[in-house]
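Structure record follows, encoded as structure tokens.
The values are calculated or read from the model by the stated rules, or taken from the named source; none is laboratory data. Keep in mind it's a predicted model, so treat the numbers as computed, not measured. Cβ coordinates were reconstructed from backbone atoms using ideal geometry, including for glycine residues, and neighbour counts include every protein chain displayed. Ligands, DNA and RNA are stripped out before the accessible areas are found, and what is left, the full protein with its side chains, is counted by its heavy atoms. Shrake-Rupley method; radii C 1.70, N 1.55, O 1.52, S 1.80 Å.
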Amino acid sequence: MDPYAALRFKEFNIFLLVRFAMVFAWSMQFIVIEWQVYSMTKDPLSLGIIGLMEVIPAVSMALFAGHIVDQKEKRNLLIKCIFGFSVISFGLFMLSWPSMEEKVDSKTILYAIYFLVFLGGIVRSFLGPTIFSLIALIVPKKIYPNAATWSSTTWQLAAVLGPALAGFSISWIGVHWSMCLIFGFSVLALMALSQIKRKPILNPKIGEPVFESLREGLRFVFNTKAVFGALTLDMIAVLFGGAVALLPIFAQDILHVGSQGFGVLRATPAVGAALTMLGSTRFPLHKNAGKKLLFAVFGFGICMIVFGLSTYFWLSVIALFVSGAVDGVSMIIRQTILQLKTPDNMRGRVASVNSMFVGSSNELGAFESGLTAKLMGTVTAVVFGGAMTLITVGATAIVSPTFRKLDLQKDIDEHEANDE
């Protein structure tokens, strides 16, 4: 297959620009918030609360958001999501104004930050399913795997640059103007999105009762073994392997590398993932996908254990780099499974379930890491998470031999035949 097939569609390139700007802004904002909150509190649990404030609305709204996405036009819905994010970013920019600390006590500012993060969770519950659904309306089915790879690669590149710039910008221009930069990227995403045309609504059941719609979406996910297996495996691995949330503690108190070292640590996993994804455009991962996914998650668990035990900055960087590389394999395989196995009229609901399983497990993992760090100590919490990841992979490999034998080549051949 042509490794640049998806890039030959103009609207897909615009879509990638929108996705890059949004992921860059969102990942940078999360890092700046983490740094500001930990600097204010010096409490690892406060980092966990940031994740919890985002995951509560993201999970509780996810299924309803999926129903709405399947019922509405995708381009305009994405515009509303990005506008909502822009409002939140502007609010954080105002809260971080230096004179604000003189007028308002730090506890009030902290609670206001948590509230805006909570609103961001609501926006995110709609953003993920909308983006997932829009891809399928921009490119033909036969190049879904290629489009999914480029989309995931763009996500990772933005996730590399966002945290890296966050660390440096905190050092160079401070938290306040870093928030202003984030707001600027959200405005850029809005401007680019206006260049994509409105898309047709492919759901034949417009006006379908909400609960009936949600039941149908859940039934599909739980009855499709490839989808359910991939989501479950990744959710548990990310939940217990969420050491990234504790990076401010490692940077400030264990490795003693400051804000710039924090930026390097935060960006390193995404560098590894981005390189994996770029390589996968030429060397697809769809053959023996089940085994590759199991090995990838196992490798992720090993890396978390090494990172947790390391007291050397560059060893920590290497462990995070490899963890990102194997996580890139996991992400590509999971996204390919979802794109190939999901009917057009269910994309919003399936993507919402995906966000509940995987996306929200990042924030739950952040809370779990913050809580276990408080109870066990930071290093012990990370090693415990890595060990739980290894146990999860072993259990999945034993309990689900059909998932272990999963191969996506047949699905790709069928889509190519149908498009022809």
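When GLY365, GLY328 are checked against the criterion of being open to solvent by less than 20 Å² (accessible area, probe 1.4 Å), in a helix (DSSP H, G or I) and at pLDDT 80 or above, GLY328 stands alone in meeting it. Of all residues in the range 42-87, those satisfying the criterion of being more than 20 Å from the chain's Cα centre (by Cα) and under 28 Å from VAL244 (Cβ atoms) are LYS42, ASP43, PRO44, LEU45, SER46, VAL87. Among the residues of the range 92-104, those that are part of a helix (DSSP H, G or I) and within 23 Å of ALA245 (Cα to Cα) comprise LEU92, PHE93, LEU95. Residue-level check: of (1) farther than 19 Å from LEU190 by Cβ; (2) of a type in the set (Val, Ile, Thr); (3) surrounded by 18 or more Cβ atoms within 10 Å (Cβ to Cβ), VAL104 misses just (3). The set of residues from the range 304-325 being modelled with pLDDT of 90 or more and within 18 Å of GLY279 (Cβ to Cβ) comprises PHE321, VAL322.
Set side by side, the residues ALA148, ALA136 differ, and just one is within 21 Å of the chain's Cα centre (by Cα) and buried (at least 22 other Cβ atoms within 10 Å of the Cβ), which is ALA148. Taking the criterion of being of a type in the set (A, V, I, L, M, F, W, C), open to solvent by 30 Å² or more (accessible area, probe 1.4 Å) and touching a residue at least 60 places away in the same chain (Cβ under 8 Å), the residues of the range 271-299 that qualify are VAL271, LEU278, PHE298.
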